[in-house]
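The values are calculated or read from the model by the stated rules, or taken from the named source; none is laboratory data. This structure is a prediction, so every number in the text was calculated from the model and none was measured. Cβ placement follows ideal geometry from the backbone for every residue including glycine, while neighbour counts extend to all protein chains displayed.
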Amino acid sequence: MSVRKLTTKIAMLLVLVTGSVCASAKEHEPLLVDPFAFDPDFHWFEPVYDADILDMKPKKRANKGWFATYDRINLYGSRPNQQFDQGDGNTLDPGSGHRYDVGFMRPGEETGFLFTYMENQAGAGDNLRVDRINRLNEADLTGETLFPLGPNRFGLPVFPEDGNVIGFSRRFYNVGMTLNAMDLNSFELSKTWRMEPYHYGGILEPMLGARFMRAEDSASLRTYERTPENAELAAIGLGVSPYVSLLPFAADSEEAVENFNESAVRIQNNMYLVQAGFRYFKFQDRFRYSAEFRGFTGLNTQSYRSEGSTTTTVYDGFDIGAEVTSNIRATNAAQYLENEEFVIGFDARAEIGYQLTKMFHVRTGLQVVNVGTGVWRSSRNLTEQTGGLLTPTIDTGDRSQSYIAFGYTFGLELNR
């Protein structure tokens with residue numbers, strides 16, 4: 001066999017082997033998805049032009065691969081609403097928080113997942129400052145502490161009851177009652193699907209998943225009482241404030257006594273939920289309009305904790321700078337209750353976004369979270385609240401209330 005014929009056969013064999021390998025590779029595509037398939041070159045800030053957007057179909061503009069968003073949320077929260085309260089259940093108090101979205105949409109299969117975390121705090125209170133009997137420590141103003149035991153940063157006294165309130169030039173107590181204090185946290189994980197675009201370019205994404213929400217309601221009641229300086233002051237009284245009162249007048253005593261009473265309630269609502277919903281969005285030039293809805297239901301395991309304390313301070317007189325002769329703080333044992341309720345509600349959002357670069361959008365919108373029933377919130381009836389703290393057999397607060405959070409959002413999104 002000549003060298004030319006042998007070379008020709010070897011070349012033909014190599015061509016056949018290479019062709020079969022290429023054909024086999026085309027038949028078996030890799031199963032793993034590139035986690036950075038949405039932008040391998042990381043051109044997040046690449047400019048985008050109006051001409052490019054006009055020529056791009058809605059299905060091509062919708063995100064593929066990983067995406068993330070951040071929103072600053074300002075949701076106003078509703079107050080507790082139950083019998084014998086103050087009748088302000090329809091009032092919404094200012095709140096603020098954050099919302100994060102992280103997800104992935106598989107290229108070519110139009111399915112993915114979405115994880116969302118949201119937290120928002122809303123609250124209000126009815127508070128006032130009451131001067132203590134020894135209203136002023138003049139030595140504390142000059143940094144000459146009464147008990148300078150060792151080096152003392154900021155020149156503060158060793159015993160807090162002997163010094164002025166930090167940041168102020170006098171001694172006082174903050175008294176009053178909590179009107180609203182709700183800390184809402186939400187974790188959700190959903191499976192998403194992307195439908196074919198409608199005739200006018202709108203795209204629907206149904207979703208189904210699980211959600212955990214923790215609604216922590218807090219309340220406190222702080223009252224102040226003191227001995228009157230003389231019989232005339234005892235007869236006049238201190239007005240009609242429910243937070244400040246006088247102790248009985250003792251004519252044969254030169255000592256002054258004051259009590260600061262504080263009670264605190266903390267209720268945790270741990271809601272284990274299933275949810276279903278959708279996201280609908282539509283592009284128009286650089287703008288994108290979107291609406292989201294999630295309905296959820298499940299079980300709420302509730303836990304209630306209450307505790308009360310009294311601080312009694314005795315002075316050697318009623319002078320402005322009277323000396324403290326005794327300061328005792330007594331705290332009762334914490335008391336607990338448990339309960340379970342059924343929960344149903346929804347989470348709805350409406351947003352408008354503007355495309356800045358190839359990957360970045362800014363957006364703003366509205367959001368409402370409505371837990372229709374099954375939330376345990378504290379009582380703001382003074383008699384019931386104080387009695388509930390001292391007697392755990394008295395149920396404090398309605399165990400199946402609603403909670404509404406409504407407000408506006410503003411944020412950034414990457415490849416959403």
Requested in this report: Output the qualifying pairs, or none if there are none: Cβ atoms under 8 angstrom, residues six or more apart or on different chains, first residue in the range 94-116 and within 19 Å of Leu208 (Cα to Cα), second residue small (Gly, Ala, Ser) and part of a loop (DSSP other than H, G, I, E, B).
Outcome: Met105/Ala62
Query raised in the report: For the range 270-369, list the strands (runs of 3 or more DSSP E) that sit wholly inside it and hold at least 2 residues that are closer than 30 Å to Pro206 by Cα and aromatic (Phe, Trp, Tyr); which are they?
Result: 287-315, 335-355
Query - From the options Thr301, Thr297, residue that is exposed (fewer than 14 other Cβ atoms within 10 Å of the Cβ) and at pLDDT 90 or above - result: Thr301
Requested in this report: Would you mind finding the one in Val244, Val240 that is in the same structural domain as Gly123 (by TED's automatic domain parsing), without any contact (Cβ under 8 Å) to a residue 24 or more places away in the chain and not hydroxyl-bearing (Ser, Thr, Tyr)?
Outcome: Val240
Report summary line: Note on His199: of the conditions (1) under 28 Å from the mean Cα position of the chain (by Cα); (2) in a loop (DSSP other than H, G, I, E, B), unmet is (1)
Query raised in the report: Mind checking whether some residue in the range 264-280 is of a type outside the set (S, T, N, Q), at pLDDT below 90 and either within 22 Å of the chain's Cα centre (by Cα) or not assigned by TED's automatic domain parsing to the domain that holds Arg61 (or both)?
Result: yes
**Report entry** Residue, surrounded by the fewest Cβ atoms within 10 Å (Cβ to Cβ), within the range 65-81, restricted to residues that are more than 22 Å from Phe360 (Cα to Cα) and not aliphatic (A, V, I, L, M)
**Finding:** Asn74
Query raised in the report: Does Arg211 count as farther than 30 Å from Thr192 by Cβ and crowded, with 19+ Cβ neighbours inside 10 Å?
Result: no
Query raised in the report: For the subset of the range 237-273 comprising residues that are of a type in the set (Ser, Thr, Tyr) and closer than 30 Å to Thr373 by Cα, which member is surrounded by the fewest Cβ atoms within 10 Å (Cβ to Cβ)?
Result: Tyr272
Query raised in the report: Do we have any residue at all in the range 216-236 that's closer than 20 Å to Thr116 by Cα and either in a strand (DSSP E or B) or hydrophobic (A, V, I, L, M, F, W, C) (or both)?
Result: yes
Query raised in the report: Among the candidates Gly308, Gly277, which residue alone is in contact with a Lys or Arg (Cβ under 6 Å, 6 or more places away or on another chain), surrounded by 15 or more Cβ atoms within 10 Å (Cβ to Cβ) and either touching a residue at least 60 places away in the same chain (Cβ under 8 Å) or acidic (Asp, Glu) (or both)?
Result: Gly277
